[in-house]
Structure formats: structure tokens, C-alpha cells
Amino acid sequence: MCGLSGEINFDGRPADAAALQRMTDALAPRGPDGSGIVLRDNVGLGHRRLKIIDLSEKAQQPMVDSDLGITLAFNGCLYNYPELRKELEAKGHRFFSTGDTEVIIKAWKEWGDRCVDRFLGMFAFVLHERDTGVVVIARDRFGIKPLYLAEKGRRLRFASTLPAILAAGDVDTAIDPVGLHHYMSFHAVVPPPHTILKGVTKFPPATIRTIQPDGSARDRLYWAPDMTRHAEDANLSAEDWRDRVLDSLRTAVRRRMVADVPVGVLLSGGVDSSLVVGLLAEMGQTGLMTFSVGFEEANGEKGDEFVYSDLIAKHYDTNHHQIFVPHDRLMQALPGTIQAMSEPMVSYDNVGFYLLSQEVSKHIKVVQSGQGADEIFAGYHWYPPLVGSSDPVGDYAKAFFDRDHETLKTQLNGDYVADTDVSRALVEAHFARPGAETPVDKALRLDSQVMLVDDPVKRVDNMTMAWGLEARVPFLDHELVELAGRIPPEHKLAQGGKGVLKEAARQVIPSEVIDRKKGYFPVPALKYIQGPYLEMVRDALTSRAARERGLFQPDYLERLFDDPTGHITPLRGSELWQAAVLEMWMQSHGV
């Protein structure tokens, strides 16, 4: 788990060592345990290392295999690397290190671009062949590990964060109207290849790209979920599905324990993270470190769920750490939180994960987290209305979108408004693809492949890695997701959502954390913006930089300032916070 960077010039010019150093330095929080740069003519790779597997210097990166003529920069973890290593050794490969990085090099040599089909884990990597000049770029199935690109002329730069790309310089930082439309409409979800900036794109998940020395490239989408029913499953009962889910989740959690350092859990007190704790206890883990965060209440809304996380911690006798965040500490943490964002993100729990990760990193380097369960097992409120829907796209947009296209045109200034409703068009195109049987299946596929990648997953990666903390997400084990895709929607929608998962959880954890109202990561002070928070966002949105940029229509901002709590999106987000985060992010990163 680290950060990578690099530059390739397809016109023969040598890679810019100074620009590569700036990108690599910008990634220092992601990898506090080591750094390295390898330059070879027109290709340069950089790396910042967080030592999790093979703590020796033999696993330093970028890793160079002189015998094979391959250099690799890798961010992430292959959970099945021991099994792959044995298979590769049986084929005659010899290893000089004991970790997962070298396994990728040997796997590429043995299986070519089919190597990613064998990988179980989270990863983004760039590989360069010395003798052929071929460059390979790949990202894991769910985009758990990020990768940003910037192309200009015959030059390609890449890095694990967008700010690292900016650090290299010579980037078109104009606002991308399509990315902005998604940010404002699709609840800040900006799918690949777009970002908020015209000059930076995102490499898509589940993709491996092979680039020839002349710059020509070939992409292969190596995985996609199947959201259809299978004939061989027709006679399976609810109990059968429950047992299969539990067995698959046990495997997923066990896989994510592979490390040469201790592994803890981010414990919210909800079903998902509690179940991870329960399964680890079931596997014999003792002295397990668990961590929870809560906030001071605001506007009468409670800001923590400690009653449930404490219950689980006590039940399993974990080494529990409870972090309470008063208003003054929350205010102090917001600039750092926004600085840690690779892209503007509106979810209130960014600051929660940021502060939680700060505390966790004092004790441990790796945690498991419950992200992904709602998108895989239908835990959100917008899924039930889609059952039998005659207008799935419309019903989804009504529940999820922050505003429609016509409304957006009254809030943004004209030059920044996309010509068409690109966000709704994206949903329409995704829903129209084959491989999803019902409207609920279509929404689950969209959420797990698009929304999840560029909201919860990105959020957790950015905030944990800001403090050199690796977060692993067992609910995004692709074999568990494939199983979930086959389950009839009614089993997932039961019991108010995640029914089949809740039934699996009943076999492991106390029912008190299952049979309760669904919780969120509450940060009420950012939902009900008042007092110093209102002053902060007003200052950002009326600053000279904001006025010169002119993103928002002045009368729209005045309406928000006059009544912040009166402008809440369908997903319970603050429109004022959404606008403020965008402006504060751009100012924070010098855009």
C-alpha cells in the first residue's frame, strides 16, 4: 500500500527527473517508509512505500528485476500472492524477495496481460519492459487503488493522486464541464475517465492497458459483474444463500489478514464492520484493535453510534479506541481533510475518516473496513422503489441525484454547464447494458461499479492514506460480489435491505446491532451549517479566487447563505457544503 508516479515520453525525450521527483514527494503521506525513483531513457517511475509485506529492502520500489528486464511500481496488496508464488516457482521462476510486488513481475512474464485474472486483491501498477519498451498499466476490479493520468502531446504522466499530477506542473487546470455536471448532479460521483479538471483523467477499474513504444495502446476490460440468475441456483433457499454468503465472507476476511504487521478494524457499530470483527474473533484473533469515531451533536442530531460499537468491542473483548471529536477539533481538521482529497468529495464522513485514520495510524498500519456492503447487498433506500419499476432511470435519478439538469442551469454560470444532461445519460447507458436482469440489479451494478468506486472507496483510500494507513475491504472481494450478483433481489431487499447479509450476521454477532435503524457516519455540524462553519464556507465562496472563477450564480449562493438548512439534497446532503467543498478544494490545490 503506497503511492506511485511516473512519466513516459513517446517522442524519445528522456523522462523529466525533476517533475518525477515532485510527484513522488507529493505522495509522501501514502508511503512514509521509503522512496525511490528509477529513470530509463524515456520512462521514469517513482514510488513511496508503506511497509506491510516483506519489510526488508529487497522489496523496495520501483522494483527492478534485472534478469527479466522489468521495472515495476505497484500500489496495493495481492492477498493470494503466496499461492501465486508457489505456482510460479513450480514453473521455474526464482525470487529474490518474499512479498507480493515481485509476484506481479513474474506473473506478467509468465501469463502476460492474463496475469490480472489471477490476482485477488487491490492494486494499481505500472510495469516497463526494458527490452521491448512496452509499458503496462492495470487497476483492480473495483478501483480500490486509484490511478490518475495526464496526457499532453507525446507525454504521459501518472500518479496515485490528482494533486501529485498537479505537482509535476504543466497541467490544464480548467474545469471540465462534464466532470462538474457529475459532481453537482450525481452526488459528487465523477466516473472515469473524467475528473473535475480537463487536463487530468482517471484510469478505469478492471482494466489492463498495454502501451507500445510508439504510444499506441490496447485496453482489456478483464472483469465485470454478472447480475443475472443462474439455472443451477433455481432451487436454493434463503438459508442456502445465507450460508454461501457467510462462507464466502469468511474467506474474504481471512484473505485480508495477510500481512507482516498487525491488522485492525474500523468499527462503526453497524452490521458490516461488526460482522468483520465477529468473523475475526471466530477465526481466533485475540487482542484485536478496533477504532470508532463520533462527533458533537448539532441541531438536535446525535453525532455518534458509540452505543453499538462499544457493544461489539465489549462482546469480543477487543482493544478498543473511541475517538470523540468536539466542534473545535472538527473545524481544525477540515483544511487537512480537503487537502487530502484527490478530488472534491461531499460526504460528511471524509473528516471522520481523516481524524479516525490519524488516531489509528499511531497504533497500527493496516485495518479492515465495512465499505461496499450496501452497494453489494442492497442496503440503500433507493433500491426497494425500483422493484417492478417502469422507469428505472427516472426512479433512480429521483432518489440519488442532487438536482436535475434544468435546475443546475439556474445555479451554475453558463460557461460551466454541460450542453446536455450527461449525468442522466450515463445512468441510461449503464442501465441499458446487458448482464443485469431487473431494475434492482441494474442499480446495484451501477452503484458497485461506478458510485462505489468514486465515492466510498475513494473516500476511504484518500483519508486513510493521508496518514499512511492501509484499509482493506472484504465486502469487495470479487468472488463474494460474484456470488451476491446471482442472489435474487428479494433476498437482498428483505428486512429493510441487506436481508441475506443480516441473516448471515445472525450466525455470528449479537442481534442488537442488526435489528436497528440503519446508521450513517453522522457529522451533523456539516449538514446544518451554522456559526463558524457558515463563516468559513461564506469566506471561501465569496473570496477573490471564487469571484474570479465565477462557478456559481450569485443569487444561488445568497439563497444558500440565507437558509443553509433549507437546501438539503435527496441524499441528505447540504447544497452549501457541496458548493463550498468544490471551491475550497480548488483553492487548497492551487487550481
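The values are calculated or read from the model by the stated rules, or taken from the named source; none is laboratory data. Everything quoted here is computed from the prediction, not taken from an experiment. Methodologically, a virtual Cβ is constructed for each residue, glycine included, from the backbone with ideal geometry; neighbour enumeration extends over all protein chains shown. Each accessible area value is taken on the protein alone, full model and side chains, heavy atoms only, with ligands, DNA and RNA left out. Shrake-Rupley method; radii C 1.70, N 1.55, O 1.52, S 1.80 Å.
With both labels modelled 7 Å from their Cα along Cα-to-Cβ, the E512 to T407 distance reads 4.0 nm.
Taking each DSSP H run with n ≥ 4 as -39500 (n - 2.57) and averaging over every residue of the chain yields -11000 deg cm²/dmol at 222 nm. Taking only the C-alpha atoms of the stretch 109-207, Rg followed by Dmax gives 15.0, 47 Å. When the solvent-accessible area of the stretch 444-591 is split by element, carbon and sulfur atoms take up 48 percent of it, the probe being 1.4 Å. Considering only V307, H478, L426, the residue lying farthest towards the positive end of the dipole of the chain is H478, judged by Cα position with unit charges set on Cβ.
A probe of 1.4 angstrom, applied to the heavy atoms of all protein chains, finds L469 with accessible area near 0 square angstrom. Here the gap between D25 and E297, fully extended at 0.36 nm per residue and compared with their Cα-Cα distance, gives a gain of 94.1 nm.
Normalised Debye scattering of the stretch 212-300 at q = 0.12, 0.14, 0.15, 0.17 Å⁻¹ gives log10 I(q)/I(0) of -0.68, -0.80, -0.84, -0.91, counting only Cα atoms as equal scatterers and leaving out solvent. Peptides 116-128, 227-239 ranked from most to least packed by the mean count of surrounding Cβ atoms within 10 Å: 116-128, 227-239. Placing a pseudo-label 7 Å from each Cα along the Cα-to-Cβ vector at K362 and F324 gives an inter-label distance of 1.6 nm.
What base-10 log of the normalised intensity I(q)/I(0) is obtained for the chain from the Debye formula, alpha carbons as equal point scatterers, at q = 0.11, 0.12, 0.13 Å⁻¹? Debye curve over Cα of the chain, log10 I(q)/I(0) at q = 0.11, 0.12, 0.13 Å⁻¹: -1.07, -1.29, -1.52. Distance between the C-alpha centres of the stretch 463-484 and the stretch 55-106: 22 Å, rounded to the whole angstrom.
Here the stretch 246-399 exposes an accessible surface that is 49 percent carbon and sulfur, computed with a 1.4 Å probe and the other protein chains kept in place.
Of the residues I568, H320, L444, the one whose Cα sits farthest towards the positive end of the charge dipole of the chain is H320 (charges of +1 on Lys and Arg Cβ, -1 on Asp and Glu Cβ, taken about the Cα centre). Looking at the chain alone, DSSP beta bridges between its own residues are antiparallel in about 75 percent of cases.
Using only Cα coordinates, the Kirkwood hydrodynamic radius of the stretch 443-507 works out to 13.5 Å. Accessible surface comparison of D16, D415, D41, probe 1.4 Å, protein chains only, largest first: the order is D415, D41, D16.
Normalised per residue, the accessible area of the chain is 36 Å², obtained with a 1.4 Å probe and no contribution from ligands, DNA or RNA.
Only Lys, Arg, Asp and Glu carry charge here, each on its Cβ (+1 for the first two, -1 for the last two); on that basis the stretch 367-476 has a dipole of about 200 debye about its Cα centre. Here the accessible area is traced with a 1.4 Å probe on the protein chains. For the stretch 130-201, carbon and sulfur cover 50 percent of it. Measuring against 31 Å, Cα to Cα, the residue pairs K109/K492; K362/K492; K109/K145; K86/K442 contain K109/K492; K362/K492; K86/K442 as the ones spanning a longer distance. One decimal place: the segment R229-R94 gains 44.3 nm when fully extended, by the rule 0.36 nm per residue minus the C-alpha distance. Relative to the Cα centre, the charge distribution of the stretch 154-215, modelled as +1 at Lys and Arg Cβ and -1 at Asp and Glu Cβ, gives a dipole magnitude of about 120 debye. Rounded to the nearest 10 square angstrom, E89 shows an accessible area of 80 square angstrom against a 1.4 Å probe.
Here the chain is treated with +1 on each Lys and Arg Cβ and -1 on each Asp and Glu Cβ, and its dipole about the Cα centre works out to around 1040 debye.
Relative to the 2.2 N^0.38 Å rule of thumb, the stretch 47-133 has a C-alpha radius of gyration ratio of 0.98.
For the stretch 520-591, trypsin sites (Lys or Arg not before Pro) meeting the loop criterion (DSSP other than H, G, I, E, B) and having at most 10 other Cβ atoms within 10 Å: R572. Each semi-axis of the equivalent ellipsoid for the stretch 481-553 is √(5λ) with λ an eigenvalue of the Cα gyration tensor; in descending order they amount to 44, 18, 9 Å. Length available on full extension from D563 to R254: 0.36 nm per residue minus the Cα-Cα distance, which gives 106.4 nm.
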